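Comments concern the structure below.
The values are calculated or read from the model by the stated rules, or taken from the named source; none is laboratory data. Keep in mind that what you see is a predicted model, and the values were worked out from it rather than measured. Please note: Cβ atoms are built from the backbone with ideal geometry, for glycine as well, and neighbour counts cover all protein chains shown.
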Amino acid sequence: MSNSSPYELLGGEEKIRALAKAFYQAMDKTTEAEEIRQMHAKSLDQVEQRLFEYLSGWLGGPGLYHEKHGTVCLTSPHKPYQINADHRDQWLLCMDKALEEIGASTQVKSMLKEPMFRLADFIKNV
């Protein structure tokens, strides 16, 4: 396996932007994700941009979120919501669908499986 980051393996900025878009499209279309979809505004444009910025840095690319918003704190924006294990699993389902949608390789999906779980699990607050 190479030393390339997931950001590079996924295809850089264009693919990370596509991943964020596919994630929220999956959330919009997946009945199993209705609960987490209801936690979001009607328009997903702003949160999609923020996810793109966050994933860019988290996956090993430019730290866009940090540059634009300062510190990267995942708990504060999610504090108003009661997020449980079911919500975590809904998020992960949407991310799996998004990775599939953008044609992520088996290697990248495998590489991201555990870190994505830890990321989603960290957000739980109930």
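Going through (1) in contact (Cβ under 8 Å) with a residue 60 or more places away in the chain; (2) within 19 Å of Ala33 (Cβ to Cβ) one by one, Ala120 falls short only on (1). Per the listing Val126, Val72, the residue uniquely farther than 22 Å from Tyr7 by Cβ and either surrounded by fewer than 19 Cβ atoms within 10 Å (Cβ to Cβ) or at pLDDT below 95 (or both) is Val126. Restricting the range 45-58 to residues that are in contact with a Leu (Cβ under 7 Å, 6 or more places away or on another chain) and crowded, with 19+ Cβ neighbours inside 10 Å, the residue that is nearest to Cys94 (Cα to Cα) is Leu55.
Conditions tested, residue by residue: (1) more than 12 Å from the chain's Cα centre (by Cα); (2) of a type in the set (S, T, N, Q).
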{"site": "Tyr81", "(1), (2)": "yes, no"}
{"site": "Asn84", "(1), (2)": "yes, yes"}
{"site": "Leu99", "(1), (2)": "no, no"}
{"site": "Thr106", "(1), (2)": "yes, yes"}
{"site": "Met111", "(1), (2)": "yes, no"}
{"site": "Asp121", "(1), (2)": "yes, no"}
{"site": "Val126", "(1), (2)": "yes, no"}
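Restricting attention to the range 3-44, the residues that are assigned to a loop (DSSP other than H, G, I, E, B) and not β-branched (Val, Ile, Thr) total 12.
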